[in-house]
Structure formats: C-alpha cells, structure tokens
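These notes are about the structure you will find just below.
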Amino acid sequence: MHELGIVTHVAKTLDEVAEENKITRIGSVTLQIGEVSGIINDYFVDCWDYFKKKHPVLADAEMKIEIIPAVTYCEDCRSEYETVKYGKICPHCHSERTWLLRGNECTIKEIEAETQE
Amino acid sequence: MKVIELHKSVTDSNDRDADRLRAEMKEAGVLLINIMSSPGSGKTTLLSSTIKGMPETRIAVLEADIDSAVDAEKIESLGAKAVQVHTDGMCHMDAGMTRAGLEGMGFEDVDLAVLENVGNLICPAEFDTGAGKNVMILSITEGDDKPLKYPLMFETSDALVISKIDALPYFNFDMEKCMERARRLNPDIQIFPLSAKTGEGMDAWISWLHEEINRWRENS
Ligand SMILES: Nc1nc2c(ncn2[C@@H]2O[C@H](COP(=O)(O)OP(=O)(O)O)[C@@H](O)[C@H]2O)c(=O)[nH]1
Ligand SMILES: [Mg+2]
Ligand SMILES: [Zn+2]
C-alpha cells in the first residue's frame, strides 16, 4: 500500500532529524501533500497512528496535513489551470502539451518538538 | 515545544541511501537494473528470454513482485542466480531493501543484477532503488495512453520496453503515438518494442544491455 510506504519513509527521516537535533519527543508533524500525489489522507493518518508506536520519539506525534492544489501548465498557450478540474487537456486551447507544475509533492514541512537542553 | 522547519521531501533519506548504493555498485563494477511495470506486463517473461539470450553474462535477479516465489524458481531453473526479497506488503522497493537483497544474495561473481520491482506504476517511480539504469515495461495490452497517466514513470526511466508486440494485431495500440508521448516526457528514453515470446526485437534490447554493462565497468 502506497500510504504505508510513505509513512515508513517519513518515520525514517524524522528519526534522523531527531538524532541530529537531539530531540526527545515530537508533538506534531505537518506534511504538505499534493492534490494529485495519489495519497489518500484518511488512510495516511491511520497508517501513521499505527506505525508511530514503533518509534519512541514519534509515539504521540499528531499528523497534520496541508493539501497543495494541483496546477498544470500549458506549453502552447502558456497558461496555468486547475489540474483536477480539467486534467491533461488545456481548457483554453485544447492542447495536450501540458505539464504538472505542482500537486504531486509530499514534503515534511515542519515538526513541533522537545529537545534536550 | 518548538517548531522546527524542515521542508524535506519524504524521499530525502532514501535518495541519499540510493546514491550510496549506486556508488558501491559502481565500485564493484556490477550494473544494477531496476525493472518496473504494471502487474502482468511481462517482467518475468522478459527476464527469462534475456537470460537465455545472454549466455556469457552472469546474471542475478532480485524478485520483489508478487508471485515472486514462483518467479524466483523460474529464473533459477534457467541457471541464473535468484533471490526472493520480502517487501512486507510494501508498494515499492527502496534503496535499503534493495541493498539488503543484494547483500543477502552476494554479487561479487555477477555482471548484471536485475531487480524485478513490485508491479505498480506509481510508487516505484518515486523511490530510487540505487539502480544504475531504470527500465519500464509497457505491454501493448495496456494502451498507448499510459504515458499520459503515469508521467513520472516515463520521466525516470532510461529505457522503455514495449512488450507483447506479437499481440499487436489484436489490440488497438498506436505504436507511433505511444513513442511520441513517451519521448515528449523524456527525450532521451531508449525504446525497445519487442516480444519475449517470439523473440522479435530482443536483439536490440540485449545489445543495449551489453553496451550498458560495458559502459558501467569502463568508468568504475
Ligand atoms: N503474447 C505475449 N504474452 C506475453 C509476453 N510476455 C509475457 N506474456 C504473458 O503475460 C503474462 C504475464 O507475464 P509475466 O512475465 O509473468 O509478467 P510480470 O507480472 O510482469 O512478471 C503471462 O501470461 C505471459 O505468458 C509476450 O511477449 N507476448
Ligand atoms: Mg513477475
Ligand atoms: Zn493551452
């Protein structure tokens, strides 16, 4: 399952971050997820709640999700449009020569954490 | 509690791990190829024909796809080395799992290592396995519009195998259109239309593999 795969990578990255920054506990994690990244948010939070128990630093970290709207760029008429509404074909000039500008990302934006010291 | 801004991609730690593995494989002079496709596109069949077509090359296969126990047996019966890797229900292989599989199998006496990735066109494209070359298989039964649906897979692949061309007369597959769509996403992609069943097109694919194996060794 896609969501579980992503969750394991988030956890791995956060374990590294915790070590580098001498973090003892993470209270929350904010992810930015693109609208067309293929990640289903409800599953994702379920996977997170199950998985975080295996990582002491994350055990009670809340997962917060921010959605990034997907935008496509048309090479022919150089306009930008909403990907989810119109798909691959440009609504302005009907060109197929279009590219996803954003909306496919999955990044860890920030965490709230307690550190030693 | 304090807020720490990270702005890290979730694939960040895997990307670094993959780069390390690639460097180690370069050092060892072993080319690792990552094969990705939808389930049933013909990965195992292509591998079997490839092993038969490269008798002088020592090939080892990491089987990560479902049915991999059967697939691994099939590959071993052809005289190649094969191990089954456990993905624990994961949708893709990452660099750590690939490394574990390679180390478990041992690759000192190998010229070409092949990873049969999990049958899925989304996740494997996002997770670098550490392979030297990425190959995607698209069977003609899946349709010529696949590049429109899974652009990232086409962008990250060095080669595209268009498989099962023996079945072209029975399917509405526009070869020219498919190639054009793939090249629009990735102008450098090498395309090999072939049939692992009849052998048509296999020569070009096998020559490419030989060239890439040599190139990998040359500057290692
Ligand atoms: N007609 C035809 N069928 C093929 C070819 N290659 C594979 N197949 C069939 O496609 C199915 C799936 O093949 P397999 O290699 O197991 O796919 P995998 O799941 O990607 O490993 C099997 O029934 C094969 O016999 C081909 O070149 N031509
Ligand atoms: Mg298979
Ligand atoms: Zn347009």
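Long-range amide H contacts for A:Ser28: which residues qualify at under 5 Å (H placed 1.01 Å from N, peptide plane, sequence gap of 5 or more or a different chain)?
For A:Ser28, the qualifying residues are A:Glu62, A:Glu112.
Using only alpha-carbon positions, what ratio does the radius of gyration of region A:36-113 give when scaled by 2.2 N^0.38 Å?
For region A:36-113, the normalised Cα radius of gyration comes out at 1.51.
Over chain B, calculate the relative contact order: mean separation of alpha carbon pairs under 8 Å at least 6 apart, over the residue count, as a percent.
26 percent
How far apart, in nm, are the 7 Å Cα→Cβ label points at B:Asp174 and B:Arg20?
Reported label-point gap for B:Asp174 and B:Arg20 is 4.8 nm.
Evaluate peptide A:5-14: per residue, the Cβ atoms of other protein chains within 10 Å of its Cβ; return the mean as an integer.
Other-chain Cβ atoms within 10 Å of each residue's Cβ, averaged: 6.
Report the residues of region A:46-78 in range of a label on A:Tyr86: point 7 Å along Cα→C-beta, backbone N strictly under 18 Å from it.
Only A:69-78 fall inside the zone, counting backbone N under 18 Å.
What ³J(HN,Hα) values, in whole Hz, does the Karplus curve 6.51 cos²θ - 1.76 cosθ + 1.60 give for region B:54-59 when θ = phi - 60°, with x put for Gly and Pro?
10, x, 8, 9, 7, 10
Tell me which of B:Val114, B:Ser13, B:Ser37 sits at the most positive position along the dipole axis of region B:3-214, charges placed on C-beta atoms (Lys, Arg +1; Asp, Glu -1).
Most positive-ward Cα: B:Ser37.
Considering only Cα-Cα distances, which of the following residue pairs are longer than 29 Å: A:Lys109/B:Lys146; A:Lys88/B:Lys26; A:Lys22/A:Lys52; A:Lys53/B:Lys2; B:Lys81/B:Lys133?
Going by Cα-Cα distance, A:Lys109/B:Lys146; A:Lys88/B:Lys26 fall outside the 29 Å limit.
Working from the pairwise distances between different alpha carbons, so that the mean of 1/r is found and then inverted, what is region B:120-164's Kirkwood radius in Å?
In region B:120-164 this quantity evaluates to 10.9 Å.
How high is the relative contact order of region B:36-108, in percent, with contacts defined as C-alpha pairs under 8 Å that are six or more residues apart?
So the answer I get is 26 percent.
Around B:Ile35, what is the net charge, scoring Lys/Arg as +1 and Asp/Glu as -1 over all other residues with Cβ under 13 Å from its Cβ?
Result for the local shell: -3.
Using only alpha carbon positions, build the gyration tensor of the protein assembly as shown, then give the equivalent ellipsoid semi-axes as the square roots of 5 times its eigenvalues, largest first, whole angstrom.
Semi-axes, largest first: 35, 28, 16 Å.
Hey, got a sec? Which trypsin sites (Lys or Arg not before Pro) in region A:1-65 land in a DSSP loop and have at most 11 other Cβ atoms within 10 Å?
Hits after loop and neighbour filter: A:Lys22.
Relative to the Cα centre, what is the charge dipole magnitude of the protein assembly as shown, using +1 at the beta carbon of each Lys and Arg, -1 at the beta carbon of each Asp and Glu, and rounding to the nearest 20 debye?
380 debye
Provide, as a two-decimal number, the C-alpha radius of gyration of region B:3-214 over 2.2 N^0.38 Å, N being how many residues it has.
After normalising by residue count via 2.2 N^0.38 Å, the value is 0.99.
Bear in mind that the values in this text are calculations on the coordinates, not laboratory data. Note that the structure is a prediction, hence the values are computed from the model and not measured. Don't worry about glycine lacking a Cβ; one is built from the backbone with ideal geometry, like all the others, and counts go over all protein chains shown.
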